[in-house]
């Protein structure tokens, strides 16, 4: 295969910036470190009160960043963060009472308690959607505050309680010392979040947020991804709670109100919830500036409320989103020419020829691939799917042998996509069963499919808005990343190896589908035909053993459609995959498949090699209205 | 037995206000798919207008009512025009978050305009109580209940019998189809917010009549009303009314018979139980976009 992009620089790295800084891996960490050191250096001239304000900003930066993980990446807003902060605060007080440890023990307790509460409040997401979960976080916030009020032996009830002075490994710290501790804790927390966000886990959260359907077809469990994000977010807020307790000295349950929860969310959104450093900007704006200026008085809340609403309406990306957009537009790495569309490969004819040859070979020995390494078979046995009173799929059986390319055709409403959705686990079965290879599928467990090697594309494109083509290709390999969260956070060798391998595979697939020049383009800026390719690329990049293509040529010109289907089928032969092709372009289907299954009104009306189906009376009738 | 009945009666009377505010929440949710977190502060702001003009400026109740109604209509209109419409449809959460911002603004604006003091209200409502079959019925609360029921009925009539109301219901079911059929989306959206704002005003005035007038005085009622709306299914108006009365009675019963902690945690328990067992509530339908 000679893709048009081969030989040229394949990634956008070559365009992005020319200085040493731009090429340095982890330059974001370096910049963050410089920022922290600047604050550290400047801390000497701060008055006690100013040091206090800076510490508060640092604390709210951590909390804002926890929303970056939960809301910015995983798409789940929470108005329960005051409860998590309170949990960290009272964990601090409990540890200082019952144990000899200082902040070293309190931080561990705060993180553990915060993470646990986060996970528990996240658990309902296994059953309910994100809006209802947001309501549940509201409930958490209110109930937690009531618990704090009632649990007066720990919290001092309505009167509040004094927090013992901060000690770390036996040394007691002044407010300025506490600022240094807070800076260190913030640095570690931000690094932790940054490492999680960059790599498999962050991509999964973004995928779940931007397209739940596609994410679950790629093996991500929507519920558990959110539970994880809640746990991480809770841990970050828990450790912020420890710092908060020592900074304000005196805490009472009134502090942990719904308003505080909302303020933390406001910080994240004003700053820009998609960027960790946005949390710092938000915290400076909301907590730092008014305290430093001390001029706005009671108007301060009105002002930041108005700013918040204005940002929601006009700049949903927040400060950081705006700065990032300006940087892209005017910064040193700005794009000089924007490639509008990909060219149709001159290889289209070659692809077609190769395909015809392959098809001929398989048609001659239809079962030849059955025993070999051609992919995984699919058994559909008497499957019924009903929506209310309407039976969309009514007793369909089909045996799809490994390595074959099977066309699934039929008029609109015949049940093709419904059948595909049943295989994907998006709809439940009213009867029958579906097996991939030897494994009978469990209904409504879409994420199980990917583990069995099933990949699919979507008729109505299910792309991840705001993410680049390369992101899509990496997201497509979620299930085969080969490393866990621990490796990712600590950047251990399995992570490095896995990322390198996935990146190479992404480039290879991009070249195969003619996307190599567009890796750094955001998908919403691409033409429809190109988006279609990205959707296909995401499905094939992890080399599924059974590939379900839902109308890949729909909406494309005949040439584009031929080209795309041709490229995918060649790739599938190459890596060994069974293909089920749902497509309205009958000529295309007849040309490239080994077998055609035709549906009408939810039943199979024809099932044979293309040439036989083509001449079958009821097939012709269903299609041409005989 | 009479203690039980007394609790039920008390609960129904509290429930009326919950139902009214829950209607305000559910109406927005039904058409906009969003929870309006500024429900309480919008209502409270208008209640301040009512009482400030009425009592403090000594212009009489009628003038207060007129100012408050105009204020509520303008506020609803301004929110729709200034926030809801520019935000557009699309991201489900942006409107919810924007109402949180609005809540902050309104709460503090109320404080700046009207001060942070706590005022007792001498509402122009009958006071005292009457005994019926051993149950004491507080007249003020009875009037409040009557107003709440009347408000719900008026809303029902508007939604069923006017062109606007039918358009609103059609829009709530399927905005796109309704727009194609000639339902003016902007008018529907505008009036949804204005009516919701008026409901908030009535509920806020009722609550202030039996408690006090201070910044954020409606927050507690908002939580209860929100619980009632969740219980009724968030998008169902009859559900919101039923949820309001059910919550009022449950609350009164828990005050009479259960430990304090149960009463405090009641709204939250109800929200969690409803979300986990039947997220669609008693009357609602679960739409795919929210599932």
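The values are calculated or read from the model by the stated rules, or taken from the named source; none is laboratory data. Computed from a prediction, not measured in an experiment: that's the story for all the values here. Heads up, the Cβs are rebuilt from the backbone with ideal geometry, glycines too, and the neighbour counts pull from every protein chain shown.
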**Study point:** Test result for residue B:263, assigned to a helix (DSSP H, G or I) and in contact (Cβ under 8 Å) with a residue 60 or more places away in the chain
**Key:** no
Review point. Would you say residue A:105 is under 22 Å from residue A:260 (Cβ atoms) and either assigned to a helix (DSSP H, G or I) or free of Cβ contacts under 8 Å to residues at least 24 places away in the same chain (or both)?
Key: no
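Just to be sure before I move on: is residue A:252 away from every other protein chain (no Cβ under 14 Å), in contact (Cβ under 8 Å) with a residue 24 or more places away in the chain and surrounded by fewer than 22 Cβ atoms within 10 Å (Cβ to Cβ) in the structure I sent?
The answer is yes for residue A:252.
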Point to revise | Every pair of residues 6+ apart whose Cβ atoms lie under 9 Å, when the first sits in region B:76-88 and is facing chain A (nearest Cβ under 8 Å) while the second is exposed (fewer than 14 other Cβ atoms within 10 Å of the Cβ) | key: B:86/A:314
Check your understanding: Quick one: would you say residue A:134 is in a helix (DSSP H, G or I), within 11 Å of another protein chain (Cβ to nearest Cβ), closer than 21 Å to residue B:262 by Cα and within 35 Å of the chain's Cα centre (by Cα)?
Key -> no
Point to revise | Candidate set from region B:181-212 (those that are more than 17 Å from the chain's Cα centre (by Cα) and touching a residue at least 60 places away in the same chain (Cβ under 8 Å)); member that is nearest to residue B:32 (Cα to Cα) | key: B:189
Practice item. Please work out which residue is nearest to the other protein chains (Cβ to nearest Cβ), limiting yourself to region B:205-240 and to residues that are out of contact with any helix residue (DSSP H, G or I) (no Cβ under 7 Å at 6 or more places or on another chain) and in a helix (DSSP H, G or I). Key: B:220
**Study point:** All positions within region A:112-124 that are more than 10 Å from chain B (Cβ to nearest Cβ), surrounded by fewer than 23 Cβ atoms within 10 Å (Cβ to Cβ) and more than 17 Å from residue A:92 (Cα to Cα)
**Key:** A:119, A:120
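So that you can scan it fast, the table gives a plain yes or no per residue for (1) part of a helix (DSSP H, G or I); (2) farther than 30 Å from residue B:49 by Cβ:
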site: B:130; (1), (2): no, yes
site: B:140; (1), (2): yes, no
site: B:145; (1), (2): yes, no
site: B:155; (1), (2): yes, no
site: B:158; (1), (2): yes, no
site: B:165; (1), (2): yes, no
site: B:170; (1), (2): yes, yes
Review point. When the residues of region A:415-437 are filtered to those that are assigned to a loop (DSSP other than H, G, I, E, B) and touching a strand residue (DSSP E or B) at 6+ places or on another chain (Cβ under 7 Å), which remaining residue is surrounded by the fewest Cβ atoms within 10 Å (Cβ to Cβ)?
Key: A:430
Point to revise | Yes/no for residue A:542 being touching a helix residue (DSSP H, G or I) at 6+ places or on another chain (Cβ under 9 Å), in a loop (DSSP other than H, G, I, E, B), touching a residue at least 40 places away in the same chain (Cβ under 8 Å) and under 23 Å from residue A:437 (Cβ atoms) | key: yes
Check your understanding: Somewhere in region A:73-89, is a residue within 12 Å of chain B (Cβ to nearest Cβ) and assigned to a helix (DSSP H, G or I)?
Key -> yes
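Filter region A:449-493 down to the residues that are free of Cβ contacts under 8 Å to residues at least 24 places away in the same chain and surrounded by 15 or more Cβ atoms within 10 Å (Cβ to Cβ), then identify the one that is nearest to residue A:556 (Cα to Cα).
Within region A:449-493, the match that is nearest to residue A:556 (Cα to Cα) is A:482.
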**Study point:** Criterion: in a helix (DSSP H, G or I) and either farther than 18 Å from residue A:174 by Cα or in contact with a strand residue (DSSP E or B) (Cβ under 7 Å, 6 or more places away or on another chain) (or both) - qualifying residue of A:39, A:95, A:53
**Key:** A:95
Exercise for review: Could you tell me which numbered condition residue B:277 fails, if it satisfies all but one of (1) within 23 Å of residue B:32 (Cβ to Cβ); (2) modelled with pLDDT of 80 or more?
Suggested key: (1)
Exercise for review: Inspect all residues belonging to region B:235-246 and state whether any of them is surrounded by 24 or more Cβ atoms within 10 Å (Cβ to Cβ) and touching a strand residue (DSSP E or B) at 6+ places or on another chain (Cβ under 8 Å).
Suggested key: no
Practice item. Looking for whichever is in contact with a strand residue (DSSP E or B) (Cβ under 9 Å, 6 or more places away or on another chain) and modelled with pLDDT of 85 or more here; the options are A:467, A:463, A:473. Which one fits? Key: A:467
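Any idea which residue in region A:255-279 is surrounded by the most Cβ atoms within 10 Å (Cβ to Cβ), counting only those that are part of a loop (DSSP other than H, G, I, E, B) and within 12 Å of chain B (Cβ to nearest Cβ)?
Pass one, region A:255-279, residues part of a loop (DSSP other than H, G, I, E, B): A:256-257, A:272-275.
Cutting the leftovers down to within 12 Å of chain B (Cβ to nearest Cβ) gives us A:257, A:273.
Details: A:257: 17, A:273: 30.
Result: A:273.
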Point to revise | Of the criteria (1) without any contact (Cβ under 8 Å) to a residue 40 or more places away in the chain; (2) part of a helix (DSSP H, G or I), which one residue A:511 fails | key: (1)
Review point. Going by the conditions given, is residue B:112 part of a helix (DSSP H, G or I) and either within 11 Å of chain A (Cβ to nearest Cβ) or farther than 30 Å from residue A:210 by Cα (or both)?
Key: yes
**Study point:** Lone unmet requirement of (1) modelled with pLDDT of 85 or more; (2) away from every other protein chain (no Cβ under 14 Å) for residue B:270
**Key:** (2)
Exercise for review: Test residue B:97 against the stated conditions and say whether it is buried (at least 24 other Cβ atoms within 10 Å of the Cβ), without any contact (Cβ under 8 Å) to a residue 60 or more places away in the chain, touching a helix residue (DSSP H, G or I) at 6+ places or on another chain (Cβ under 7 Å) and within 14 Å of chain A (Cβ to nearest Cβ).
Suggested key: yes
**Study point:** Which listed residue, of B:64, B:131, is more than 13 Å from chain A (Cβ to nearest Cβ), touching a helix residue (DSSP H, G or I) at 6+ places or on another chain (Cβ under 7 Å) and over 18 Å from residue B:220 (Cα atoms)
**Key:** B:64
